[in-house]
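These notes are about the structure you will find just below.
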Amino acid sequence: MLSVSRNLSEGWTFTQIGGSDAVKDGEWLNVHEFPTTVHVELLKHKRIPDPFIGLAEWDVQWIGEASWAFKTSLLIDETDLSAPNVDLVFDGLDTFAKVYLVRIVNGTEILETENQFISHRVAVKQHLKVGGNELLINFESAFRKGREIEKQHQKLVLWNGDSSRLHVRKAQYNYGWDWGPVLMTVGPWKPIRLEAYKSRISDVYIQPKVAEDFDATVNVTFNVSDVSPAKASVLLKRPNGTLLIGQSNIPVLDSAVHANFGLSKGAYEPWYPVGYGSQPIYSVLIQLTNEEGEILDVKTEKFAFRRAVVVQDKLIDQEGRTFLFEINNVRIFCGGAPIRVSHHLFKILTTGLTGSNWIPADSFLTTVTPERYRAWLKLLVDGNQNMVRVWGGGIYEADAFYEICDELGILVWQDFMFGCGQYPAYDTFTKSVELEAEQAVKRLRHHPSVVIFDYQVAESFKLELDYDDEHSDFRKTSFPARYIYERLLPSVVEKFSDIYYHRSSPYSGYGKPTTDKTFGDLHQWNVWHGSQEPWQNWDILAGRFVSEFGMQGYPNIRTVDYWLGGNETERYPQSRIMNNHNKADGFERRIELYLVENFRHSFDTESYVYYTQVMQAETLASAYRLWRRNWKGKGREYTAGALVWQINDCWPVTSWSIVDYFLRPKPAYFTIKRELRPFTVGMTRKEKKEFPDPLSASQFTLESILEIWGTNSTLEEKKVTLEVTSFDLHSSWTDKWTRDVVLGANRSTELFEGRVPGLEVRTKLSQVQRVVVVSARLLDESTGKVLGRYSNWPEPFKFITFPPVSELGLEITTINNNDNNVTNTNGESTSDGASDGAGEWVKLSTKKPIKGIVLEVDGQDVQWGDQAIDLVPGDPQVIHVEGLNGRKVKARFLGDGI
């Protein structure tokens with residue numbers, strides 16, 4: 001008989017064990033959707049306030065400390081029981097649960113769980129009867145249970161949340177983080193199904209190996225539950241579904257079945273990160289039949305061909321080693337947005353041009369649909385990022401997440417689920433972690449996007465940490481979690497996959513501490529956290545691979561108004577509700593530190609939102625601009641990637657995210673997008689002070705030196721024209737020059753170093769220079785299109801006296817998509833409108849330089865093609881916009897008088 005699987009998604013009800021004001025004792029409420037969790041259902045029943053609004057988060061804390069039950073009726077017919085095997089499969093229960101099958105009154109306990117990340121298969125044929133069978137799941141409070149376990153062992157050090165979380169294998173961010181609320185979810189958060197079968201295919205392992213010369217092999221291994229006379233076929237199929245190669249009539253002689261294939265270069269298409277090639281997805285079809293040819297089971301898995309190597313080579317002219325990703329023999333500068341500071345362990349790395357850290361997309365995970373995953377990941381790709389790091393304080397994401405990454409060409413750096421704490425290593429804990437890791441590796445190993453599967457905590461709290469010790473067990477030291485990171489997890493990864501294992505993030509290796517900037521990956525939090533360096537110092541804060549860095553910024557004003565819930569009395573930056581929607585310690589001091597050092601700003605809500613957004617945009621763009629400069633070619637990959645913290649939010653909040661909870665990009669999203677284009681131009685100005693008399697401090701010369709470089713992420717060198725135009729902000733003086741240059745392939749190229757045009761050599765600090773803005777553009781040698789642009793302004797901006805708004809000559813013109821000669825901010829002709837034929841265009845022009853233009857409209861939000869724009873005379877910019885519908889466009893910018 002063919003295996004039959006039935007999802008158990010209907011007829012569920014739930015109750016609070018013991019009852020409360022919200023749910024009476026013995027009251028069973030219908031479940032609206034399944035899988036689900038308690039908060040989601042109580043919200044739909046209108047039994048609790050929305051914890052995302054106001055201070056209501058604190059009115060629902062009782063939910064996480066109560067016990068809950070879910071039940072449904074399971075109808076069984078004779079056909080179900082005719083199968084030799086009948087299993088109940090639980091993909092995920094959150095977290096401490098006991099499962100019962102109830103025939104009449106008393107139930108039979110069939111399962112007890114203690115790990116949110118583990119799936120369970122239970123043989124239940126002997127417990128079922130034809131007709132109705134009740135399936136009952138009782139959930140204990142994970143918070144209270146965690147406190148009990150902590151008492152049995154010990155309290156351990158951590159950052160963020162309650163210390164009991166370290167003993168509980170549950171999404172750690174549920175306990176609260178410096179960007180997230182305390183919402184302790186509970187319930188059947190993943191599907192439950194009934195499976196009836198004679199023989200079952202499991203543990204499919206596809207190993208495509210691509211050699212340096214692109215010859216390839218594919219090894220397919222799978223297990224069969226019943227090895228009574230049977231045969232298997234294994235077919236490799238192309239992306240269009242046609243047969244590539246296959247084997248039939250493979251005798252099933254053992255529980256493990258193998259099939260091996262060889263392919264020469266050209267017989268298949270390799271998978272590349274977005275921007276470097278296509279993303280062809282192949283599939284393996286496995287079919288199991290008995291001697292009569294009857295199909296017993298069928299399994300299909302997707303895979304791709306790609307060669308991924310983590311390169312740690314010695315460098316030319318600098319100490320240390322590279323930490324970079326080579327995909328199909330191409331060395332790639334990786335970028336993206338990791339999700340919050342992590343001190344984690346298992347990395348399954350995907351790679352990309354640049355990327356982000358990823359936290360869970362919602363505090364209530366069952367509400368995250370494949371469509372929401374796609375929207376988030378499409379934003380990442382549209383923002384010129386091709387790597388995402390799945391942070392270890394959340395979850396191993398749903399299959400849809402990784403499938404979309406495969407499809408879009410996003411590389412994934414996957415953490416094991418450990419975050420910001422000193423985890424224990426007693427036997428029951430490590431046994432649970434081992435099974436969790438095995439299941440995670442087996443589920444994720446076939447994704448081409450996945451390329452790489454703590455120590456800062458240990459260093460911070462002075463735990464035992466001898467980096468030269470590569471042999472100890474570590475469980476009897478003050479840093480027992482090292483056993484998990486250096487013994488348990490790498491053994492699981494090696495046993496079940498060929499994915500690169502990186503011990504932690506950050507981790508330097510070679511006996512160096514995690515703060516070493518010359519080895520491994522680095523979390524650079526000395527901007528915002530740590531020593532709170534100026535963002536202008538990013539160039540001296542670089543590492544070989546910066547896997548976390550960031551700056552806070554308010555979300556869209558509409559998101560702010562959402563969490564205020566109409567409470568106008570709280571609509572000011574220092575209000576109690578505003579405070580509750582920023583979870584970072586000391587955030588008011590830190591935001592204001594960076595604001596006051598750089599801007600003259602106002603405190604009305606709209607202005608505060610604007611200035612924090614521009615601050616975040618300037619900070620993050622500067623990091624990418626300066627670090628891409630360090631990608632100087634083979635042997636000189638001094639910085640090989642940067643993943644911004646973070647791409648997303650799990651609720652409406654002020655945080656480090658570059659896109660807010662409602663998928664509204666902040667201005668920083670767009671400045672990063674510009675810095676990650678295939679061709680960019682960067683500038684910096686530095687003060688050069690010389691003393692002709694070494695005995696004198698009062699006699700000196702002070703010059704402002706301008707440095708210009710270009711970047712090219714393509715694999716061919718590019719001939720361009722460098723155009724540099726300088727403007728005096730308060731007069732008609734200008735200066736302009738051009739030169740033809742060649743941008744080296746897949747590297748940065750230094751283009752110019754000299755004095756800032758129009759600025760004299762100073763001999764006194766009292767000599768205040770005029771405000772000179774330098775604009776640089778890279779123009780395509782043959783077409784004249786703008787490939788990249790950047791304007792360098794003197795900093796800090798607070799010292800600039802901006803011209804009156806009336807003298808700027810700023811013009812904002814709406815253009816419909818039928819107008820000709822429309823040029824967008826890339827300088828590409830768009831006379832046929834947007835790529836999808838939708839939307840309008842906004843043309844910006846000015847008579848004087850303008851800094852930090854953020855466009856806005858009244859009413860419903862629109863989708864902007866660019867934000868945080870610097871505008872100079874003679875270089876109008878055209879921005880695509882969707883949803884404008886003829887509304888007037890407004891602009892905020894530095895010096896607008898508001």
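Which of the numbered conditions does residue 746 fail, given that it passes all the others? Conditions: (1) surrounded by 14 or more Cβ atoms within 10 Å (Cβ to Cβ); (2) over 31 Å from the mean Cα position of the chain (by Cα); (3) at positive phi.
(2)
So residue 62 clears everything in (1) under 34 Å from the mean Cα position of the chain (by Cα); (2) under 30 Å from residue 288 (Cβ atoms) except one condition, right? Which one?
Of (1) under 34 Å from the mean Cα position of the chain (by Cα); (2) under 30 Å from residue 288 (Cβ atoms), only one is false for residue 62: (2).
Exactly one condition in (1) within 22 Å of residue 537 (Cβ to Cβ); (2) surrounded by fewer than 19 Cβ atoms within 10 Å (Cβ to Cβ); (3) under 18 Å from the mean Cα position of the chain (by Cα) is false for residue 645; which is it?
Looking at each condition in turn, residue 645 falls short on (2).
Among the numbered criteria (1) surrounded by fewer than 18 Cβ atoms within 10 Å (Cβ to Cβ); (2) touching a Lys or Arg at 6+ places or on another chain (Cβ under 9 Å), which single criterion is violated by residue 553?
(1)
Quick check on my filter: what residues within region 35-60 are surrounded by fewer than 20 Cβ atoms within 10 Å (Cβ to Cβ) and part of a loop (DSSP other than H, G, I, E, B)?
45, 46, 47, 48, 49, 50, 53, 55 - these are the residues of region 35-60 that are surrounded by fewer than 20 Cβ atoms within 10 Å (Cβ to Cβ) and part of a loop (DSSP other than H, G, I, E, B).
Residue by residue through region 534-575, note down the ones that are within 24 Å of residue 863 (Cα to Cα), among the polar types (S, T, N, Q) and assigned to a helix (DSSP H, G or I).
Passing the criteria: only 559.
Quick check on residue 294: is it closer than 30 Å to residue 379 by Cα and acidic (Asp, Glu)? Quick ask: steps written out before the conclusion?
Numbers: closer than 30 Å to residue 379 by Cα: no; acidic (Asp, Glu): yes.
Judged against the criteria, residue 294 is not a match.
Would you mind stating whether residue 689 is over 26 Å from residue 892 (Cβ atoms), surrounded by fewer than 24 Cβ atoms within 10 Å (Cβ to Cβ) and outside the structural domain of residue 593 (by TED's automatic domain parsing)?
Details: over 26 Å from residue 892 (Cβ atoms): yes; surrounded by fewer than 24 Cβ atoms within 10 Å (Cβ to Cβ): yes; outside the structural domain of residue 593 (by TED's automatic domain parsing): yes.
Considered against the rule, which asks whether it is over 26 Å from residue 892 (Cβ atoms), surrounded by fewer than 24 Cβ atoms within 10 Å (Cβ to Cβ) and outside the structural domain of residue 593 (by TED's automatic domain parsing), residue 689 comes out as yes.
Conditions (1) in contact with a Ser or Thr (Cβ under 7 Å, 6 or more places away or on another chain); (2) outside any strand (DSSP E or B); (3) modelled with pLDDT of 95 or more, marked per residue:
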{"site": "338", "(1), (2), (3)": "yes, yes, no"}
{"site": "366", "(1), (2), (3)": "yes, yes, yes"}
{"site": "371", "(1), (2), (3)": "no, yes, yes"}
{"site": "394", "(1), (2), (3)": "no, yes, yes"}
{"site": "424", "(1), (2), (3)": "no, yes, yes"}
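Under the condition of being surrounded by fewer than 18 Cβ atoms within 10 Å (Cβ to Cβ) and of a type in the set (Ser, Thr, Tyr), which residue from region 163-204 is nearest to the chain's Cα centre (by Cα)?
So, considering only residues that are surrounded by fewer than 18 Cβ atoms within 10 Å (Cβ to Cβ) and of a type in the set (Ser, Thr, Tyr), the one nearest to the chain's Cα centre (by Cα) is 163.
Right, residue 122: in a strand (DSSP E or B), out of contact with any Lys or Arg (no Cβ under 7 Å at 6 or more places or on another chain) and surrounded by 19 or more Cβ atoms within 10 Å (Cβ to Cβ) or not?
On the way: in a strand (DSSP E or B): yes; out of contact with any Lys or Arg (no Cβ under 7 Å at 6 or more places or on another chain): yes; surrounded by 19 or more Cβ atoms within 10 Å (Cβ to Cβ): no.
Criteria not met by residue 122.
How many residues are farther than 15 Å from residue 747 by Cβ and outside any helix (DSSP H, G or I) when one looks only at region 608-658?
17
Scan 483, 507 and give me the residue that is among the aromatic types (Phe, Trp, Tyr) and at pLDDT below 90.
Numbers: 483 fails: at pLDDT below 90.
None of the other options fit; the residue is 507.
State which residue pairs qualify: first residue more than 17 Å from residue 171 (Cβ to Cβ) and assigned to a helix (DSSP H, G or I) and inside region 141-157, second residue among the small types (Gly, Ala, Ser) and at pLDDT 95 or above in any location, beta carbons under 6 Å apart, and separation of 6 or more residues or different chains.
147/164; 150/164
From 735, 740, which residue is loosely packed, with under 15 Cβ neighbours inside 10 Å and within 30 Å of residue 641 (Cα to Cα)?
Details: 735 fails: within 30 Å of residue 641 (Cα to Cα).
The match here is 740.
Can you tell which of 857, 786 is farther than 23 Å from residue 722 by Cβ and at pLDDT 95 or above?
Details: 786 fails: farther than 23 Å from residue 722 by Cβ.
From the options 857, 786, the qualifying one is 857.
Within region 572-623, track down each residue that is among the basic types (Lys, Arg) and either in contact with a Pro (Cβ under 9 Å, 6 or more places away or on another chain) or crowded, with 23+ Cβ neighbours inside 10 Å (or both). Show your work before the answer.
Of the residues in region 572-623, the ones among the basic types (Lys, Arg) are 576, 583, 589-590, 600.
Listed by number, the list holds a single entry, 583.
When you go through 528, 535 one by one, which is the residue that is at positive phi and surrounded by 15 or more Cβ atoms within 10 Å (Cβ to Cβ)?
On the way: 535 fails: at positive phi.
Among 528, 535, only 528 is at positive phi and surrounded by 15 or more Cβ atoms within 10 Å (Cβ to Cβ).
So which residues in region 204-232 are touching a helix residue (DSSP H, G or I) at 6+ places or on another chain (Cβ under 9 Å) and farther than 23 Å from residue 293 by Cα? Give the derivation first.
As a first pass, look at region 204-232 and keep what is touching a helix residue (DSSP H, G or I) at 6+ places or on another chain (Cβ under 9 Å): 204-205.
Hit for region 204-232 is 205, nothing else.
Regarding residue 103, is this residue within 40 Å of the chain's Cα centre (by Cα) and in the same structural domain as residue 35 (by TED's automatic domain parsing)? Break it down stepwise before answering.
Numbers: within 40 Å of the chain's Cα centre (by Cα): no; in the same structural domain as residue 35 (by TED's automatic domain parsing): yes.
Spelling it out, it is not the case that residue 103 is within 40 Å of the chain's Cα centre (by Cα) and in the same structural domain as residue 35 (by TED's automatic domain parsing).
Listed residues 94, 77; which is surrounded by 20 or more Cβ atoms within 10 Å (Cβ to Cβ) and over 26 Å from residue 227 (Cβ atoms)? Can you show your working first?
Numbers: 77 fails: surrounded by 20 or more Cβ atoms within 10 Å (Cβ to Cβ).
The match here is 94.
Let's see how each residue does on (1) more than 30 Å from residue 687 (Cβ to Cβ); (2) modelled with pLDDT under 95; (3) assigned by TED's automatic domain parsing to the domain that holds residue 591:
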{"residue": "464", "(1), (2), (3)": "yes, yes, yes"}
{"residue": "487", "(1), (2), (3)": "yes, yes, yes"}
{"residue": "494", "(1), (2), (3)": "yes, yes, yes"}
{"residue": "503", "(1), (2), (3)": "yes, yes, yes"}
{"residue": "529", "(1), (2), (3)": "no, yes, yes"}
{"residue": "550", "(1), (2), (3)": "no, no, yes"}
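From the list 649, 660, 604, which residue is in contact with a Phe, Trp or Tyr (Cβ under 6 Å, 6 or more places away or on another chain) and acidic (Asp, Glu)?
Numbers: 660 fails: in contact with a Phe, Trp or Tyr (Cβ under 6 Å, 6 or more places away or on another chain); 604 fails: in contact with a Phe, Trp or Tyr (Cβ under 6 Å, 6 or more places away or on another chain).
After ruling out the rest, the residue left standing is 649.
Within region 487-514, track down each residue that is out of contact with any Pro (no Cβ under 8 Å at 6 or more places or on another chain) and part of a loop (DSSP other than H, G, I, E, B).
Hits for region 487-514 are 497, 498, 499, 502, 504, 506, 508, 509, 510, 511, 512, 513.
Assuming residue 334 fulfils every condition listed in (1) closer than 30 Å to residue 671 by Cβ; (2) at pLDDT 90 or above; (3) surrounded by 21 or more Cβ atoms within 10 Å (Cβ to Cβ) apart from one, which condition is it?
Answer for residue 334: the failing condition is (2).
May I ask you to verify whether residue 714 is surrounded by fewer than 16 Cβ atoms within 10 Å (Cβ to Cβ) and under 30 Å from residue 847 (Cβ atoms)?
So residue 714 fails the test.
Just for strands (runs of 3 or more DSSP E) wholly inside region 171-282: which have at least 3 residues that are within 21 Å of residue 441 (Cβ to Cβ) and in contact with a Lys or Arg (Cβ under 8 Å, 6 or more places away or on another chain)?
Values: elements: 175-177, 180-182, 192-197, 201-210, 216-224, 230-237, 243-251, 256-263.
Counting at least 3 such residues, we get 201-210, 216-224.
Which ones in region 309-331 are surrounded by fewer than 14 Cβ atoms within 10 Å (Cβ to Cβ) and of a type in the set (Lys, Arg)?
Passing the criteria: only 314.
Which one is farthest from residue 506 (Cα to Cα) among residues in region 576-605 that are within 27 Å of the chain's Cα centre (by Cα) and assigned to a loop (DSSP other than H, G, I, E, B)?
Residue satisfying both the conditions and the ranking: 581.
For residue 773, work out the one condition from (1) more than 30 Å from residue 332 (Cα to Cα); (2) in contact with a Phe, Trp or Tyr (Cβ under 7 Å, 6 or more places away or on another chain); (3) modelled with pLDDT under 95 it doesn't fulfil.
Failed condition: (3).
The values are calculated or read from the model by the stated rules, or taken from the named source; none is laboratory data. Model, not experiment: these values are computed from the prediction. Neighbour counts run over all protein chains shown; Cβ positions are idealised from the backbone, glycine included.
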